[in-house]
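Worksheet: the structure to be examined is printed underneath.
The values are calculated or read from the model by the stated rules, or taken from the named source; none is laboratory data. Being a predicted model, the structure only gives us computed values, none of them experimental. Cβ: placed from backbone, ideal geometry, glycine included. Neighbour counts: every protein chain shown.
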């Protein structure tokens, strides 16, 4: 099947007018020299890869940490309808046995690969190795010091599906954890009160990711620069960003893209189970939270995760002044790279999964395709 007359976001991270082929669930020729007469005419529509959310806790009333397989399927189906065709279900700070149960559902999901659902590329383990001072909405009762052996058991228990593991670099044992865990997956600095030196050491030892930049970490100070400048100075580090318009001011979004550049930014949703749901009460890592006015907060007013899906976050970034090509890359190729999945998803390229979105130039009226099949 060929599609023609499309504005295609290609693997060079630029848009090109032309055609592309979908064959047996993967992309065939991109911008072919010859196009069959029966090719589907898209009349100039914009075509981008299916989005990849590297940090999402839940949607449609389900949360990955529930450890409920049917809930994970429900979440994945909802994400696919948003245009998020791949994701890393993200855990909270919880006891190891609770995490192991949730991780087992991800393993089952990957093995069964239910139709019509976004693909699970791996697990993002957010916690429990965090600072009490910067725990945010994480449950302080379950915080732990970095524990590589405990992590390794979880990692092996789910067949190595953990793709990102978070840690606060100032904690005792963090340096050893980063050095060892980075050989197994991406290690991310998160929920930290770290100074510049501890953060720089962690990035030097192999941490290559920054979880929800600005949130859960000290701000930038000219005499105490902290985590963000340490991350920016290391060219191997990618930086996540929540772009719901509530967690971060548009000016700070623009600043992050200026600091890290389009090649290193990773847009995330950090969405909770309330994503796609009406306002009201929700459970979050053993704590109650409340969604009101588009913001989820704990009872004490602490801002929690988001209620916005990644597609809307990407569109917000463009509205905030981020160049379109950079925003799309930050929601597709860059998170795929952070999850070690660039060989399968994240770009429109021959041989990759034919996950793509057809939409108007203003990113409305979208049609979503998974493995070349349109989601109804």
Go through (1) over 17 Å from residue 125 (Cβ atoms); (2) in contact (Cβ under 8 Å) with a residue 12 or more places away in the chain; (3) surrounded by fewer than 24 Cβ atoms within 10 Å (Cβ to Cβ) and name the single condition residue 251 misses. (2)
Residue within the range 98-112 that is touching a helix residue (DSSP H, G or I) at 6+ places or on another chain (Cβ under 6 Å), surrounded by fewer than 16 Cβ atoms within 10 Å (Cβ to Cβ) and modelled with pLDDT of 95 or more present: yes
What single numbered condition from (1) modelled with pLDDT of 95 or more; (2) surrounded by fewer than 21 Cβ atoms within 10 Å (Cβ to Cβ) fails to hold for residue 220? (1)
Specify which of the listed residues (25, 67) is surrounded by fewer than 24 Cβ atoms within 10 Å (Cβ to Cβ), in contact (Cβ under 8 Å) with a residue 12 or more places away in the chain, in contact with a helix residue (DSSP H, G or I) (Cβ under 6 Å, 6 or more places away or on another chain) and on the phi > 0 side of the Ramachandran plot. 67
Specify the residue that is surrounded by the most Cβ atoms within 10 Å (Cβ to Cβ); the eligible residues are those in the range 117-137 that are modelled with pLDDT under 95 and more than 22 Å from residue 176 (Cβ to Cβ). 137
State yes or no: is residue 342 without any contact (Cβ under 8 Å) to a residue 12 or more places away in the chain and either assigned by TED's automatic domain parsing to the domain that holds residue 20 or within 28 Å of residue 367 (Cβ to Cβ) (or both)? yes
Within the range 1-82, considering only strands (runs of 3 or more DSSP E) that don't extend past its boundaries, which have at least 3 residues that are touching a strand residue (DSSP E or B) at 6+ places or on another chain (Cβ under 7 Å) and within 30 Å of residue 105 (Cβ to Cβ)? 51-56
Out of (1) within 18 Å of residue 340 (Cβ to Cβ); (2) in contact with a helix residue (DSSP H, G or I) (Cβ under 8 Å, 6 or more places away or on another chain); (3) surrounded by 19 or more Cβ atoms within 10 Å (Cβ to Cβ), the one residue 232 does not meet is (1)
Every listed condition ((1) in contact (Cβ under 8 Å) with a residue 40 or more places away in the chain; (2) farther than 17 Å from residue 212 by Cα) holds for residue 149 save (1)
What do you reckon, is residue 256 modelled with pLDDT of 95 or more and in contact with a strand residue (DSSP E or B) (Cβ under 6 Å, 6 or more places away or on another chain)? yes
